[in-house]
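To start, the structure itself, in structure tokens.
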Amino acid sequence: MTIGRLTDQKGTDTAIKIAERTGKKLLIFGRKGNSIKRQEYFNQKIKPFLSEKIVYMGEVSHQKIYDYLRSAEALLFTIRRPEVCPLAVIEALACGTPVIGTKINPLPEMLKSKKVSYLSNNASDLVSAVKNIEKFNRKECRKYAEKYFDSSVMADKYIKLYQKILRK
């Protein structure tokens, strides 16, 4: 599955190509948007590829996203440009779902364990990771999320950063 605004930046079209090459079903969750640019992206890069295997699910509640994440083989997160902090990645790991994505910041900084993720900018490598999904450990995904992204862990990191800034 893939989650995010349906824009070129999110690389949903790349996720579609990966799904086609693997023969796996891809559920696409996200908002089309109303701008001409976003409508064109959807109509040119997503809509022509929709089928029984490539399914646009639209916008759904967070609870439904979590339900789908828990049963997904992986989250495809094929962004093209840096993002601030992609919550979908953290939510996937918390649900025990591995992440397969591009080596675009901040993903390499966030995802350092091969047990929970695979990152590459090479499409063939990403296809291979999807085909070999059993190498990931769902329990490790959850543990990784708790260790690095639990709210108390994140709060401690912010406090330490603020203290460091104030000392300067």
inquiry  = With in contact with a Phe, Trp or Tyr (Cβ under 8 Å, 6 or more places away or on another chain), more than 25 Å from G30 (Cα to Cα) and either polar (S, T, N, Q) or without any contact (Cβ under 8 Å) to a residue 24 or more places away in the chain (or both) as the only criterion, which of S113, S152 stands out?
reply    = S113
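Considering T22, T12, which residue is at pLDDT 95 or above and in contact with a strand residue (DSSP E or B) (Cβ under 9 Å, 6 or more places away or on another chain)? Talk me through it step by step, then tell me what you get.
Details: T22 fails: in contact with a strand residue (DSSP E or B) (Cβ under 9 Å, 6 or more places away or on another chain).
Criteria check complete, one pass: T12.
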task = Kindly indicate whether V89 is under 14 Å from the mean Cα position of the chain (by Cα) and of a type in the set (V, I, T).
result = yes
ask   = From the set of residues in the stretch 70-99 that are in a loop (DSSP other than H, G, I, E, B) and among the β-branched types (V, I, T), which is farthest from F29 (Cα to Cα)?
value = V84
message = Would you confirm whether or not the stretch 22-33 contains a residue that is part of a helix (DSSP H, G or I), surrounded by 14 or more Cβ atoms within 10 Å (Cβ to Cβ), over 13 Å from the mean Cα position of the chain (by Cα) and not acidic (D, E)?
response = yes
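Given K47, K37, which one is out of contact with any helix residue (DSSP H, G or I) (no Cβ under 9 Å at 6 or more places or on another chain), basic (K, R) and surrounded by fewer than 18 Cβ atoms within 10 Å (Cβ to Cβ)? Spell out the reasoning first.
Numbers: K37 fails: out of contact with any helix residue (DSSP H, G or I) (no Cβ under 9 Å at 6 or more places or on another chain).
So the residue among K47, K37 that is out of contact with any helix residue (DSSP H, G or I) (no Cβ under 9 Å at 6 or more places or on another chain), basic (K, R) and surrounded by fewer than 18 Cβ atoms within 10 Å (Cβ to Cβ) is K47.
Residues are listed down the side, and each one gets a yes or a no for (1) farther than 25 Å from D125 by Cβ; (2) surrounded by 16 or more Cβ atoms within 10 Å (Cβ to Cβ); (3) touching a helix residue (DSSP H, G or I) at 6+ places or on another chain (Cβ under 6 Å); (4) without any contact (Cβ under 8 Å) to a residue 24 or more places away in the chain:
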residue	(1), (2), (3), (4)
T2	no, yes, yes, no
Q9	no, no, no, no
I16	no, yes, yes, no
R80	no, no, yes, no
P98	no, yes, yes, no
T102	no, yes, no, no
query = Do you know which residues across the stretch 104-131 are surrounded by 19 or more Cβ atoms within 10 Å (Cβ to Cβ) and among the small types (G, A, S)?
reply = S117, A129
task = Answer yes if at least one residue in the stretch 136-158 is modelled with pLDDT of 95 or more, within 22 Å of T14 (Cβ to Cβ) and surrounded by fewer than 21 Cβ atoms within 10 Å (Cβ to Cβ), and no otherwise.
result = no
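The values are calculated or read from the model by the stated rules, or taken from the named source; none is laboratory data. Predicted model only: the values in this text are computed from it and were never measured. Cβ: placed from backbone, ideal geometry, glycine included. Neighbour counts: every protein chain shown.
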